[in-house]
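Engineer: Let me give you the structure first, and then I'll get to my questions.
Just so you know, all these numbers are worked out from the coordinates, no wet-lab data involved. Worth saying up front: this structure is predicted, and the values here are computed from it rather than measured. Virtual Cβ from ideal backbone geometry, glycine too; neighbours counted across all protein chains shown.
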Amino acid sequence: MRPFKYTGANSPSDALKLLIKNPNARFLAGGTNLIDLMKEDVERPDELIDLTRLDSTSFSKISFGVNTAGVSLGATGKNTDAAHHPEIRQNFPILTKAILAGASAQIRNMATNGGNLLQRTRCSYFYDTAMACNKRSPGSGCAAMEGINRMHAIFGWSENCVAVYPSDMAVALSALDARIKVMQADGNVRSIPIHDFHRLPGDHPEKDNNLNRTELITSIEIPTNKFAAHSAYVKVRDRNSYAFALVSVAAGLVLEGNKILSAHIAMGGVAHKPWRALKAEALLKGKIASTANFTAAAQAEMTEAKPLSHNKFKVALGRNTIVSALEIALRGAESPI
Amino acid sequence: MNQQKTQLTAEEIKLFGDLMPEELAEITQSGLNRRHFMKLVGLASAGLLTSHLIGAEQLFARAADINIEDLPESAIENGVMVSFKVNAADKKVLVDSRSSLLDTLRERLGLTGSKKGCDHGQCGACTVILDGKRILSCLTLAASCEGKSVITIEGLAKGNELNPMQAAFLKHDGFQCGFCTPGQICSAVALMKEAKDGQVSYLTKDIRTKAAPVMLSDEEIAERMSGNICRCGAYPNIVAAIKEAQSGKDVQQNWLFAG
Amino acid sequence: MEEKNKSIGKAVNRIDGILKITGKATYATDYPIKNMAFAVIFKSTIASGTIVNLDTTSAEQANGVLAVITHKNAPRLNEKGGIRGGALLQSPEILFYGQHIGVVVAETFEQARHAAHLIKVDYQKKEGKTDFEKLATSAGAPRGKELADLIRGDALGMLDTSAVKLEEVYETPIEHHHPMEPHSTIAVWEGDKVVLYNGSQIINGAQAAAAETLNLKPEQVRIVSPFIGGGFGSKGGQWANLILTAVAAKVVSRPVKLALTRQQMFNSVGLRQQNIQRISLGASKDGKLISLVHETTTQTAIDSEFLEPCGDCSKVMYEVPNALISYKVAPMHMMLPTYTRGPGKSTGSFALESAMDELAYKLQMDPIELRIKNEPQKDPSNGKPWSSRKTVECLREGAKAFGWANRKVVPGSNRVGDDLIGYGVACGTYPARQRDSSAVIKLTKSGENVFAIVEIAASDLGTGTNTILAQTAADGLGIPLVHVTVKLGDSDLPPAAGSVGSVGAASFANAVNDACTKITDELLARSAKQFFIRPTAYQLIVSENIKNYQTRVDAKAPKEAEQYSAHSFNANFAEVRVNALTGMVKVTRFLAVTGAGKILNPKTARSQIIGGNVWGIGMALSEESVMDPRWGNFATRSFGDYHVPANLDVGKLDAIFINEEDKIPNKMGVKGIGEVGIVGVAAAIANAIFNATGKRIRKLPITPDKLI
């Protein structure tokens, strides 16, 4: 870890000013990913601006009925607090489950909502500074493309990068059509739909998302939904807990009897961003909720998958996991295991 | 860094009389110092405290309170002065901005109970309780702990009385090598509060219900303790210990002889 | 001593437990030594070639840096001194990816870690042998004599003529020990002597290797290792990091602390190698084995050979008149493999016991009955009688306790919702041996009490050595357990065997027991009194009013043990739940029934067994290190990529010990349990998965992708 100056910020605007002043400065929130990457010499800031001292401000609070009539999660609020908030459990259980599927209790106690969105990929070539990685070092190549890419993308990758984005929380946020509220340098605020927040790698895999450097996430806004009673988050991984997803699926069904009015499906572990399963959603709309229809929709979603040499299994697994999540959602929110 | 004179109880004076009689006068007059602590560690590592250990326990905690040494100026870059509470004692320490809370506890404050198993948030051996919540001290910058309160494994026992979770781990053999144990126990102690607060987990069947204190099943305990890796594989014993600590009822220990 | 007052066999709590639960147990890096400097190792990023330029300027100029040690300035060491895996900074040659190429020493850990990132290295790369898949086809015979072909009868010929035949290939990946405590050392020089605080499974082995390598006499090196944060074989031999700490401390003339990072653990301290095992079984229609062929193809380091003996179980498990057990090995530019829990037996039993399950299915026989049908009356590999063998009892008792009768015979037929449930069984074995160990017992009378100090350079890496030795001494001397103090983990103590290969308990406990017998004999000889019943040492000390007395014993295995074949045996029963859609597996129940002679402490013994079971669960379901054949590096390079089991991966585990009185291998009748606990586990789980799903997975680990 390179030497860096530690700076505390008093307010979000203060934090932004400090950031603008130093092009090598970074914000520090929970630190669960940034400190990890700094120890690996992947991230090399020379100044950290600590946002956690803003804890007492609205920046960290959970509030209801703001703007969207849904819920607003303060950016520096902890993942744990979001997951266990009674109204989130009641009305956004898919979010609770997704957060609780990620990491460990300790990490969720540290990690912030804003920071969760900014997690970097867990691609081991990205983490290893001896390896080529366009995300870490643009132009150096992608060692994963022809390498050990079992954990990598099957959708939306480019010749430059096949990494996946590791968050569970964001997969639920995608299914929930959340918006990310950010403050700009001039104090103006803009709101980015979650689907436009993260990027596909394209020619610039070094950019994980569309947040500008001089912008600061202030909150995550989640609109109300009609699928709280019929939602599920299923995470498939190499061990039963405390592991990143091979594939995960957030699914919500708005039902009228056994007819699907709308389906809301997002996938994790398959792309450089939460992968919204629009094809499957379209196919399910107006259909009867049945295993056959679930399977057909899931199958259709996976037809455009382009697996790499070691992750062909993700196509069938993605299909099965969508079906599993939809089945559980249909039965009513319950444990996936 | 200030060094306080350690007040010894009559019982502790007797213990030192037994263990290191030649040092007793110095200890009673000027308090415990680093050399005494080293000797104590030496005796403990040689197993010589076995039969006296319950009595010696607190001495250790207090001996460990003795600050080891200040670092030379060249050793601290981008220094940040941090004041925080560690096991209820006020601490003020100048740290390199890069220092993790874990390294600060271990290398600066002499609290080596918290362990470095991976240093990257992937094993839980460094788990401590920060402002009432379990966190990973390896991914926490000491600089960010200003005004906070840390409880480590060294701060869990009250006087000579073990925390019930510690006692349950001992009874159920919830460890083998013991390296992950401080983190496991801190994690489990914090888990008790989470269960009392009605927190749910990825495995909880119906999470939409109102939060109420929960008695955890074996599988719920296992899920909620999965952030603490134990390579020796003491997991079932850890689960049994936590179950016993939570329920206050004896949990059976399973082994059978046959044939 | 009356049975009820005896300590041996009782489930007493670990005597060192209180130190572990209060954070006071001192592992290698926990000593608060003054004026300590910190060292961080840096490693090669090629697998084969030569360092042509090593620029340490920026690192040396970085704040707080005291020294940068590389092959250019490292002191000359004896590379044949017994340190495993090379990497002692003696030459610019690179033999594997991640070889240590230097050490930075600085005032603080932060400064040393940072400076290590500033090193610039230029290499002359050579074509490396890093693609096992390709190299396996041209693997050759191993050099080691113990791995010569075992040939009995005409295995290949009889295979052809057998009524029922089976030939399958089973694969196991590279695994890492990953003890929770990364290998770490504090080195403190006192004149020309060095104290090394360092977790060591073999205290005297570490001392000898360090001394030889550093060109010192053994008495100039002291190893202090009272607590070890796990080892599992990786702290059996010693690796370069131990020596480099001593070197660093010498160079900067200060105590130095050096802990490997978790990432560095992947290619610093040995590993379990990748194995391809071909098993061929020939049997009669009624399930009598006729022929067994077990061919292992594996890998080793380019300059040094280590193979785990995958064929060992096949040598002794079953009565089969024709057998061929052979090995091939491919040298590669990789970290030297080493002993890893249940070396050879855990991986070998996966192949053999999976094949037995497949054969049972083919024969439409119950897999338990197939095994019992082929139970050998003597060791088929050498014709020696068993000292004891309770495999059949393990199977029968286990079947009863586990509810084997509830197993659905037709695979895939037990479905609850999306979950498929299956049962599996597999057997295992590990040799029982006693190794030379010395012990001193010191008795002190204080009032009516007699206190004992037991001194032995044994090690306790979580196995419970401290506790069982206190129990042994308490019974052997006739005093209460709390009056016994055990001193171990220090090379200044009487030399002892190591905690390796399941020899620890037998070697240490017998030494202590012999010392108790000897001290009693000596006290008795000094006494003028006549006794009708042999008195205890306690009674003699008190009745003779002796203030202090001590004796030493150099214990050896009984000679007659060589006439017998002595092993622990087990039967493992697994219940799994497999999600039919996602392929995720949970081992919901596991039962290990073990015949391992005398169980000294059922509480710590059970912990050893279930610990082995958890290792087996990891082997079966999640542990795998993947080498990128292009560079020879591990793509799995952290605890985030290499999945040791987490708490939720482990369901209900039960241990049953078969009562077994066997004084042949050693006087105490101890056979050892540390290794056997993992043997047969992966096969039992794989067999259960087959029973649950109808899918036979022959390549570990059985991750979800293999089941969908």
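Engineer: Go through A:His85, A:Met110, A:Met38 and say which Cα lies farthest out towards the positive end of the charge dipole of the stretch A:26-117; charges sit on Cβ, +1 for Lys and Arg, -1 for Asp and Glu.
Structural biologist: So the residue furthest toward the plus end is A:His85.
Engineer: Fewest to most neighbouring Cβ within 10 Å: what's the order for C:Lys328, B:Lys116, C:Lys4, C:Lys400?
Structural biologist: C:Lys4, C:Lys400, C:Lys328, B:Lys116
Engineer: Let me know the mean shielding of B:108-119 by other chains, meaning the per-residue number of their Cβ atoms within 10 Å of its Cβ.
Structural biologist: Numbers: counts 1, 0, 2, 2, 9, 7, 1, 8, 9, 9, 11, 11.
Other-chain Cβ atoms within 10 Å of each residue's Cβ, averaged: 6.
Engineer: Which entries of A:Lys235/C:Lys699; C:Lys559/C:Lys667; C:Lys217/C:Lys518 have Cα-Cα distances beyond 20 Å here?
Structural biologist: Values: A:Lys235/C:Lys699 23 Å; C:Lys559/C:Lys667 11 Å; C:Lys217/C:Lys518 31 Å.
From the list (A:Lys235/C:Lys699; C:Lys559/C:Lys667; C:Lys217/C:Lys518), the Cα-Cα distance tops 20 Å for A:Lys235/C:Lys699; C:Lys217/C:Lys518.
Engineer: Within 10 Å of each Cβ in B:152-164, how many Cβ atoms from other chains are there, averaged over the peptide?
Structural biologist: 2
Engineer: Work out Dmax and Rg for the stretch A:228-331 from the C-alpha atoms and quote the Rg first, both in angstrom.
Structural biologist: For the stretch A:228-331, the Cα-based Rg and Dmax read 13.1, 43 Å.
Engineer: Here is a follow-up. For chain C, with equal point scatterers placed on the C-alpha atoms only and solvent neglected, what are the log10 I(q)/I(0) values from the Debye formula at q = 0.09 1/Å, to two decimals?
Structural biologist: Listed by q, the Debye log ratios stand at -0.82.
Engineer: Sort C:512-524, A:230-242 for me by packing, meaning the mean count of neighbouring Cβ atoms within 10 Å per residue, highest on top.
Structural biologist: A:230-242, C:512-524
Engineer: Further question on the same structure: Would you mind checking the stretch B:105-148 for residues with the amide N under 15 Å from a putative spin-label position 7 Å along Cα→C-beta of B:Ala89?
Structural biologist: B:105-114
Engineer: Here is a further query. Once fully extended, how much extra length lies between C:Glu448 and C:Gln563, figured as 0.36 nm per residue of separation less the alpha-carbon to alpha-carbon distance?
Structural biologist: 36.9 nm
Engineer: Add +1 for every Lys or Arg and -1 for every Asp or Glu among the other residues with Cβ under 13 Å from the Cβ of C:Ala496, and state the total. Could the numbers behind the result be given before it?
Structural biologist: Numbers: positive: C:Arg435, C:Lys487, C:Arg552, C:Lys556; negative: C:Asp436, C:Glu455, C:Asp460, C:Asp490, C:Asp492, C:Asp514, C:Asp554.
Summing Lys and Arg as +1 and Asp and Glu as -1 gives -3.
Engineer: Pull out a ≥ b ≥ c, the square roots of the eigenvalues of the alpha-carbon gyration tensor of the stretch A:5-53, then state rounded if a/c is under 1.5, prolate if not and a/b is larger than b/c, and oblate in the remaining case.
Structural biologist: Because a/c hits 1.5 or more and a/b fails to exceed b/c, the stretch A:5-53 counts as oblate.
Engineer: Here is a follow-up. Could you check the spin-label model distance between C:Asn548 and C:Asn215? Points 7 Å from the Cα along Cα→Cβ, value in nm.
Structural biologist: 4.1
Engineer: Ok, one more. How tilted is helix A:12-21 with respect to the longest principal axis of chain A? Cα atoms for both, answer in degrees (0 to 90, nearest 10).
Structural biologist: 60
Engineer: Say the cut-off is 31 Å between C-alpha atoms; which of C:Lys378/C:Lys408; B:Lys116/C:Lys586; B:Lys243/C:Lys586; A:Lys78/C:Lys235; C:Lys134/C:Lys288; A:Lys5/B:Lys193 go over it? Could the numbers behind the result be given before it?
Structural biologist: Working: C:Lys378/C:Lys408 34 Å; B:Lys116/C:Lys586 29 Å; B:Lys243/C:Lys586 21 Å; A:Lys78/C:Lys235 40 Å; C:Lys134/C:Lys288 37 Å; A:Lys5/B:Lys193 36 Å.
Over 31 Å apart, Cα to Cα: C:Lys378/C:Lys408; A:Lys78/C:Lys235; C:Lys134/C:Lys288; A:Lys5/B:Lys193.
Engineer: Sum -39500 (n - 2.57) across every DSSP H segment of at least 4 residues in chain A, then divide by the residue count to get the 222 nm mean residue ellipticity, nearest 500.
Structural biologist: Calculated from helices alone, the mean residue ellipticity at 222 nm is -8000 deg cm²/dmol.
Engineer: Grab the beta carbon distance between C:Val169 and A:His204, set R0 = 56 Å, and tell me the FRET efficiency rounded to 0.05. Can you show the working numbers first?
Structural biologist: Details: r = 45 Å, r/R0 = 0.80.
After rounding to 0.05, the efficiency reads 0.80.
Engineer: With all distinct Cα pairs included, what does the Kirkwood hydrodynamic radius of the protein assembly as shown come out to in Å, to one decimal, could you say?
Structural biologist: Value: 31.8 Å, from the Cα pair sum.
Engineer: If packing is taken as the average number of other Cβ atoms within 10 Å across a peptide's residues, how do C:683-689, C:385-391, A:282-288, B:82-88 rank, most packed first?
Structural biologist: Those peptides, ordered most packed to least, come out C:683-689, C:385-391, B:82-88, A:282-288.
Engineer: Given R₀ = 30 Å, what would the calculated FRET efficiency be for A:Gln184 paired with A:Glu87, taking r from the Cβ atoms and rounding to 0.05?
Structural biologist: That pair, A:Gln184 with A:Glu87, gives E of 0.50.
Engineer: Next question, about the same structure. Divide by every residue of chain C the summed helix terms, -39500 (n - 2.57) for each DSSP H run of at least 4, and state the resulting mean residue ellipticity at 222 nm, rounded to the nearest 500 deg cm²/dmol.
Structural biologist: -7500 deg cm²/dmol
Engineer: Along Cα→Cβ, 7 Å out, is where each label goes; now give me the distance between the ones at C:Val416 and C:Arg696 in nm to one decimal.
Structural biologist: About 2.8 nm, to one decimal.
Engineer: Something else now. Ranked from highest to lowest mean number of other Cβ atoms within 10 Å per residue, what is the order of the peptides A:70-76, B:235-241, A:33-39, C:503-509?
Structural biologist: Numbers: A:70-76: 25.3, B:235-241: 27.7, A:33-39: 22.1, C:503-509: 29.7.
The densest-packed peptide leads the list: C:503-509, B:235-241, A:70-76, A:33-39.
Engineer: I would also like to ask the following. For each of C:Asp705, B:Asp131, B:Asp90, count neighbouring Cβ atoms within 10 Å of the residue's Cβ, then give the residues from fewest to most.
Structural biologist: B:Asp90, B:Asp131, C:Asp705
Engineer: Right, something else. Under a point spin-label approximation (7 Å from Cα along Cα-to-Cβ), what is the A:Asn258-C:Asp122 distance to one decimal in nm?
Structural biologist: Calculated label separation equals 7.4 nm.
Engineer: Taking H placed 1.01 Å from N in the peptide plane, check which residues at least 5 places from C:Arg589 or on another chain put their amide H under 5 Å from its amide H.
Structural biologist: It is C:Glu575, C:Lys652, by chain and number.
Engineer: Rounded to the nearest 0.05, what FRET efficiency do A:Lys21 and C:Lys706 give with R0 = 51 Å and r taken as the Cβ-Cβ distance? Could you check?
Structural biologist: Values: r = 53 Å, r/R0 = 1.04.
Once rounded, the FRET efficiency stands at 0.45.
Engineer: Can you give the average number of partner chain beta-carbon atoms within 10 Å of each beta-carbon in peptide C:410-420, as a whole number?
Structural biologist: 1
Engineer: How many angstrom lie between the Cα centre of the stretch A:255-285 and the Cα centre of the stretch C:467-545?
Structural biologist: Each part reduced to its Cα centre gives a spacing of 71 Å.
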